[in-house]
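J.: My questions all concern the structure below.
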Amino acid sequence: MELLGSPLPTLYTHPGSTPATFLPPISTAPSSKKGFPSSPLPQSFSHSWMPRASNLTMGPSCKSSQGLTPSEALPSISSRAAPFTRYTPGDWHRSNLTNSKQSETSRRNAELLTADTSRLIQDKYQETRKTQVKTTKKLGERVSDIKFWKSQLRQELDKMIVENNALTDVTKRLERALAKTEAPLQVTQECLLHREKRMGIDLVCDDVEKQLLVEADVIRSCRERMRQYLDQAEARLASNRMAQHEVERDLANKQVAHRIDDLCHQLRNTSNGISYYQGVERVDATISVPESWAKFTDKNILRSQSERAASAQLRDNIENLLVVTANEMRRQFSCVNVAFTHRIAETAEAKRRIQDHLGKTLQEIFQLKRTIEAIRKAIREKGRPLKVAQTRLDKRTRRPNMELCRDTAQLRLVSEVCEIEETLQSLQQRLGDAEDTLQRLVHAKSVLEHDLAVKANSLFIDQEKCMGMRKAFPSTVRLLGYV
């Protein structure tokens, strides 16, 4: 007899066929008064406990009754001459004992099977339940992992969006600052062109022109650096958007996976929507393992962080560039204005001195003209005394004979004529000198007037045209790109 709880052999798991000695159940049909059945036994009862037809001794009357119905073939009990062959009481008792033992064995095997099956069911239930709990726990851990990486991706995405917006703003400021440098460069070039219209000696390469050339170089250099950084900012924005796109796609996939795994984690045996999916456990559509899965997301985050750090550095460089270029242009603008101020002051002072000299020259010309007129008048006035003296000498040459005496009067007349002639000669010399001086004064006046016109033209160019245009130089706020 097997012990309870020990593994059962396959004897009771696959019970054999009913033994040949097993008796059929006693019929509950009503019997005759003598204890025999009122109707013959059916032909299907061909059991081993019934007497075989070959063992029966059939009379001649039975042989002749072949082909008749069983009720007609079998004689009635009352008409039988001798009884059929029967089992012995010992066979009957042995059959009962055998059936009892087999029944007990079958019941005992059934009890063992029932107990072991109940234990098996309970064990498998606990095993299935533990497996399901472990699976649910693993799904919960997976949901937690996905939630963690989702939060990391979302934080990185928010930071990247903020960084992209900041870089876009700085790029727009840089574009505005670059556009604002075009007007100062044009003003500088126009100032150089206007100063080419200076005349004469004022067409010099002075400090103003040097500073204007430096200013043009400074503005061109600033514009070139701005263009370079603008190209870098556009390339950096493209890289940032690519990294942002990868993070967004990974986050979207994580959200879908989180929704699916959270739904799987919430499923229970009593949940709706569960069903059989035959063969689904043999389908392996996975393309990653937990290590590669986490590494992929971590790689996306690291790439985004790297792009974001490079973008922040570029933003700082652009901010510094805007400040540096604005300071350089404003400083050079101030240097040019100072040079213009000094040059305008020098030109104005030169113009004032020329005006003074011109006034004095005009005054001197006026005085010299009066002097020349006086000399000419004096020369004219010396004509009559000379005529008188020469007339007297001429008259006295007509004195007769000895009367032609070289007397004192003759000597005085001769001396008077010589003195008058010397006076006229000196006056003529002085008149020539005065006229030469007047010519020089007139020439000087012409030079001064031309120089005055040159200075006036230069002063007009520098003060009115150039400085008038330079009043519209952009402010520092505009050069920084805020407006």
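J.: List the pairs whose first member sits in the stretch 180-194 and is within 16 Å of Arg330 (Cβ to Cβ), whose second member is at pLDDT 90 or above and β-branched (Val, Ile, Thr), and whose Cβ atoms are under 6 Å apart, counting only residues at least 6 apart or on separate chains?
T.: Here the result reads Thr181/Ile219; Pro184/Ile219; Leu185/Ile219, each pair linking the stretch 180-194 to a residue that is at pLDDT 90 or above and β-branched (Val, Ile, Thr).
J.: Would you check which residues across the stretch 338-359 are basic (Lys, Arg) and surrounded by fewer than 16 Cβ atoms within 10 Å (Cβ to Cβ) and list them?
T.: Hits for the stretch 338-359 are Arg352, Arg353.
J.: Which pairs do you get when a residue that is in a helix (DSSP H, G or I), found in the stretch 418-442, comes within reach of a residue that is acidic (Asp, Glu) and open to solvent by less than 80 Å² (accessible area, probe 1.4 Å), reach meaning Cβ atoms under 8 angstrom, with the pair 6+ apart or on two chains?
T.: none
J.: Right, here's the next one. Any idea which of (1) closer than 30 Å to Asp462 by Cα; (2) crowded, with 17+ Cβ neighbours inside 10 Å is the one Leu362 doesn't satisfy?
T.: It is condition (2) that Leu362 fails.
J.: Take the residues in the stretch 402-417 that are open to solvent by 70 Å² or more (accessible area, probe 1.4 Å) and assigned to a helix (DSSP H, G or I), then tell me which one is farthest from Glu373 (Cα to Cα).
T.: Once the filter is applied, the top-ranked residue is Met402.
J.: Let me ask something else. Got a sec? Which of Arg154, Arg142, Arg173 is touching a helix residue (DSSP H, G or I) at 6+ places or on another chain (Cβ under 9 Å), assigned to a helix (DSSP H, G or I), surrounded by fewer than 17 Cβ atoms within 10 Å (Cβ to Cβ) and not hydrophobic (A, V, I, L, M, F, W, C)? Show your work before the answer.
T.: On the way: Arg142 fails: surrounded by fewer than 17 Cβ atoms within 10 Å (Cβ to Cβ); Arg173 fails: surrounded by fewer than 17 Cβ atoms within 10 Å (Cβ to Cβ).
Answer to the selection: Arg154.
J.: Next question. Within the stretch 265-303, restricting attention to residues that are small (Gly, Ala, Ser) and part of a helix (DSSP H, G or I), which residue is most open to solvent (accessible area, probe 1.4 Å)?
T.: Keep residues of the stretch 265-303 that are small (Gly, Ala, Ser), which gives 271, 273, 275, 279, 285, 288, 292, 294.
Then drop every residue that is not part of a helix (DSSP H, G or I), which leaves 292, 294.
Values: Ser292: 50, Ala294: 29 Å².
Out of the qualifying residues, it is Ser292.
J.: A follow-up question, please. Go through the residues of the stretch 109-132 one by one and say whether even a single one is surrounded by 11 or more Cβ atoms within 10 Å (Cβ to Cβ), in the same structural domain as Ser304 (by the TED database) and closer than 30 Å to Lys299 by Cβ.
T.: no
J.: For the stretch 176-211, what are the residues that are acidic (Asp, Glu) and open to solvent by 60 Å² or more (accessible area, probe 1.4 Å)? Break it down stepwise before answering.
T.: Going residue by residue through the stretch 176-211, those that are acidic (Asp, Glu) are 182, 190, 196, 202, 206-207, 209.
If the condition is that a residue be acidic (Asp, Glu) and open to solvent by 60 Å² or more (accessible area, probe 1.4 Å), then Glu182, Glu190, Glu196, Asp207 are the ones that fit.
J.: Lys369 - would you say it is modelled with pLDDT of 90 or more, assigned to a helix (DSSP H, G or I) and loosely packed, with under 13 Cβ neighbours inside 10 Å?
T.: Working: modelled with pLDDT of 90 or more: yes; assigned to a helix (DSSP H, G or I): yes; loosely packed, with under 13 Cβ neighbours inside 10 Å: no.
Against the criterion (modelled with pLDDT of 90 or more, assigned to a helix (DSSP H, G or I) and loosely packed, with under 13 Cβ neighbours inside 10 Å), Lys369 does not qualify.
J.: Let me ask something else about it. With respect to Arg399, is the statement that it is of a type outside the set (A, V, I, L, M, F, W, C), without any contact (Cβ under 8 Å) to a residue 60 or more places away in the chain, open to solvent by 60 Å² or more (accessible area, probe 1.4 Å) and over 30 Å from Leu322 (Cβ atoms) true?
T.: Working: of a type outside the set (A, V, I, L, M, F, W, C): yes; without any contact (Cβ under 8 Å) to a residue 60 or more places away in the chain: yes; open to solvent by 60 Å² or more (accessible area, probe 1.4 Å): no; over 30 Å from Leu322 (Cβ atoms): yes.
In short, no.
J.: Okay, moving on. Test Ser415 against the criterion of being closer than 30 Å to Leu203 by Cβ and at pLDDT 90 or above, and give yes or no. Working first, answer last.
T.: Numbers: closer than 30 Å to Leu203 by Cβ: no; at pLDDT 90 or above: yes.
No: the conditions fail for Ser415.
J.: A further question on this structure: For the stretch 271-287, state whether one or more residues are out of contact with any Phe, Trp or Tyr (no Cβ under 9 Å at 6 or more places or on another chain), outside the structural domain of Lys172 (by the TED database) and of a type in the set (Asp, Glu).
T.: Yes.
J.: Of Thr128, Thr168, Thr135, Thr114, which residue is in a helix (DSSP H, G or I) and touching a residue at least 40 places away in the same chain (Cβ under 8 Å)?
T.: Numbers: Thr128 fails: touching a residue at least 40 places away in the same chain (Cβ under 8 Å); Thr135 fails: touching a residue at least 40 places away in the same chain (Cβ under 8 Å); Thr114 fails: touching a residue at least 40 places away in the same chain (Cβ under 8 Å).
Going through Thr128, Thr168, Thr135, Thr114 in turn, just one is in a helix (DSSP H, G or I) and touching a residue at least 40 places away in the same chain (Cβ under 8 Å): Thr168.
J.: Please count how many residues of the stretch 234-265 are under 21 Å from the mean Cα position of the chain (by Cα) and among the basic types (Lys, Arg). Even if it seems obvious, please write down each step before you answer.
T.: Step one: of the stretch 234-265, the residues under 21 Å from the mean Cα position of the chain (by Cα) are 234-252.
Retained after the next criterion (residues that are among the basic types (Lys, Arg)): 236, 241, 249.
Residues that pass the stated criteria total 3.
The values are calculated or read from the model by the stated rules, or taken from the named source; none is laboratory data. Just so you know, these numbers come straight off a predicted model, no measurement behind them. Methodologically, a virtual Cβ is constructed for each residue, glycine included, from the backbone with ideal geometry; neighbour enumeration extends over all protein chains shown. The accessibility values were calculated without ligands, DNA or RNA, using every heavy atom of the protein model including side chains. Shrake-Rupley method; radii C 1.70, N 1.55, O 1.52, S 1.80 Å.
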